[in-house]
1. Just report the Cα centroid separation between the range 374-435 and the range 514-531, whole Å.
2. Tell me which residues come under 5 Å, amide H to amide H, from L370 once H is placed; ignore anything under 5 positions away on its chain.
3. Placing +1 at every Lys and Arg Cβ and -1 at every Asp and Glu Cβ, with all other atoms neutral, what dipole size does the chain have around its Cα centre, in debye to the nearest 20?
4. Using DSSP to call loops (not H, G, I, E or B), can you name the chymotrypsin sites (Phe, Trp or Tyr not before Pro) in the range 306-407 whose Cβ has at most 16 other Cβ atoms within 10 angstrom?
5. Using the per-residue mean of other Cβ atoms lying within 10 Å as a proxy for protection, in what order, highest first, do the peptides 536-548, 362-374 fall?
6. Which of the following values of Rg and Dmax of the Cα atoms in Å was calculated from the structure shown: [x] 29.4, 102; [y] 27.3, 91; [z] 39.3, 117?
7. What list of ³J(HN,Hα) couplings, whole Hz, do you get for the range 578-585 from phi and the Karplus terms 6.51, -1.76, 1.60, once you set θ to phi - 60° and write x for glycine and proline?
8. Are there trypsin sites (Lys or Arg not before Pro) in the range 463-534 that DSSP puts in a loop and that have at most 15 other Cβ atoms within 10 Å, and which ones?
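The values are calculated or read from the model by the stated rules, or taken from the named source; none is laboratory data. What you see is a predicted model, and the numbers here were worked out from it, not measured in a lab. Positions of Cβ are backbone-derived with ideal geometry, glycine not excepted, and every protein chain shown enters the neighbour counts. Accessible surface areas use protein heavy atoms only, side chains included; no ligands, DNA or RNA. Shrake-Rupley method; radii C 1.70, N 1.55, O 1.52, S 1.80 Å.
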Amino acid sequence: MPDAAAATPSLINREFSLLEFNARVQAQARDETMPLLERLRFLCIASTNMDEFFEIRVSGLQQRASIAPGSADPDGLATGDVLTEALDRARAIVERQYQIWNDELIPAMRDAGVHFVRRETWDGAMLADMHTLFQEQIVPVLTPLTLDPSRPFPRILNKSLNFIVGLKGKDIFGRRRHRGLVQAPRSLPRLFRLPDDADGSERYISLSAVIQAFVDELFPSMTVTGCYQFRVTRNSDLFVDEEEVDDLARVLEGELAASRYGAVVRLEVSSDCPDELAQFLLDYFELNRAHLFLVNGPVNLNRLLAICEETSKTDLLFHGYTPGVPDALKAYENTFDALAAKDVLIHQPFQSFSPVIDLLAQAAADPAVLAIKQTLYRTGPDSLIVKHLVDAAYNGKEVTVIIELMARSDEAANIELANRLQEAGAHVVYGVIGYKTHAKMLLIVRREADGPRRYVHLGTGNYHPKTARLYTDYSLMSGNEELGRDVHEVFMQMTSLTPSRKLRHIITSPFQLHTQIIEWIEREAANARAGKSARIIAKLNALIEPQVIEALYAASAAGVQIDLIVRGICSLRPGIAGVSENIRVRSIIGRFLEHSRVYCFHNDGRERIYCASADWMDRNFFRRIEVCFPILRRAHRQRIRAELDLYLADNSQAWLLQPDGGYVRVDAEAGAERIAAQPTLIEQNSA
């Protein structure tokens, strides 16, 4: 059993927890109780997660190792050793991905009438059809290159599909050539759906297979000895010295363009590629063999997601459902009247996010609405949220939008949205220099008979209608005047950069939240030592902040029963004698991405429940603007607690964290009722 030192958060715990999470996601692709194409979807998600692990995590480790070769984390683990171990563990996960694809999913899909047609199975008619496809749809947009001093190796876009081609013979000028290159344009689909078979089976073929079949036609004067897929993953972490820029949006646009060609951190090559060509690519990209990943299948498995989107075999997907709307809203035509009566709590995606969008739409059109203020972190390029904000500005409302330009992967979209809002006359603020604006807040000021009244929305997730159908989150809509005043004060603080007056209900980062969390944990510990009842339940995406972990260990030692539902990274180690024997950690991996953050403290029977935008991570406590808000209505607290208990009872989609950092899947005992939180919540909340 590990000792207390093994429970200390460390660099290796943080990085490898991400890989452990991806392994849990990948395991869903092997779960035969799930619809077949949903298993494929999980495999695609695991592939995308691995891309991000290399783009951000591995690139960061590589930078630290190169800048300070002897650097180590607080536990004395050398960064270079962590990088080596990370690459080894990632390689094992990638190998499992392709084993699942080739040995499990392809045969199962074929049996279910979904054929991924491989080149070696083509007959004469198929060969003719594919040749027509190649000539008519693919050749017109290809630019094959024979590599020589006048045609140096082109810049390879991050995660793009490319082919290294072995050549023999002479070009039209009589010079011998050995290598060629073909880049697949982004305009081409990576997967083509072919006409169905006579028996109704669907057929799909990859762009790679078609190019490889006819690549010799691109180099007619030479003999093609082989054609092999490859893909590079680059460092995609943006660096902007926010203290030294005059126009953050303009500088960020430049960084986005440069990030597509950041340092290469991984080379994926088809497993049948000759070693000589693989080494040629490694040398060109200045990588050693530890960064070479040989793959038996498409170099980007995520592109297989197109099958899930195009299939007509809906029996191979999750059954659709219609999310319900809270009863508290159904009795009123106007959302403002409903919120004036009582708060409304929405649990997405089991309940619809549409009431939040409707609230904003009503505010944009209502002559009595004077002002709207909102934070935007991720919202999507065609967001109704932004449309309603634009409409509100055109309708003469005072619209203020705090947009976080540095939201990873959404930087370009957020710059475009900011420009659109400014053109409509909205006040746009790019957050606070040095701190990401991660809070999810909406404030509406409305003129009513007794004077202006504030209405608010606070959430654990983004204002993104698409992810609201895929991520679990809580949304609180309220006309509570004290809560509205708090939200007003936070907005004033963010725009004026001056201290806010005392807040009654809301707790924010980077100011009070870290201290408050530790105080709440310590209060439970004190209650336990005094013989009072004590309990902590927290639902998070990640838990890595050392002081919070130490406080949880101390509470466990005092006798507090602690249940943590942590989807992703968790540096805490449960079940260690004398340290954390009263702590249990579980991860739920299901149809929806668990994203809500909920903190529940027993408080000697006067239970307090808070929802928040913040995980228990250093960045959320100290380098982000976050909001934590209380659930004030007793009925809402009881509901959230019941839903937390359902997650803790899940014996179908849950994984338990072990003291050594590994996870074990929870299996229902023989004869026991199978409980799955997400399907149960769908059933309870569907319209």
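1. Comparing the Cα centres of the range 374-435 and the range 514-531, I get a distance of 39 Å.
2. V445, R446, R447
3. Details: 77 positive and 90 negative charges, 133 e Å.
Using Cβ point charges on Lys, Arg, Asp and Glu, the chain gives about 640 debye.
4. Filter output for the range 306-407: F318, Y321, Y332.
5. Details: 536-548: 22.1, 362-374: 19.1.
Highest mean packing first, the order is 536-548, 362-374.
6. [y]
7. x, 10, 9, 5, 9, 10, 10, 10
8. Hits after loop and neighbour filter: K466, R501, K502, R504, K532.
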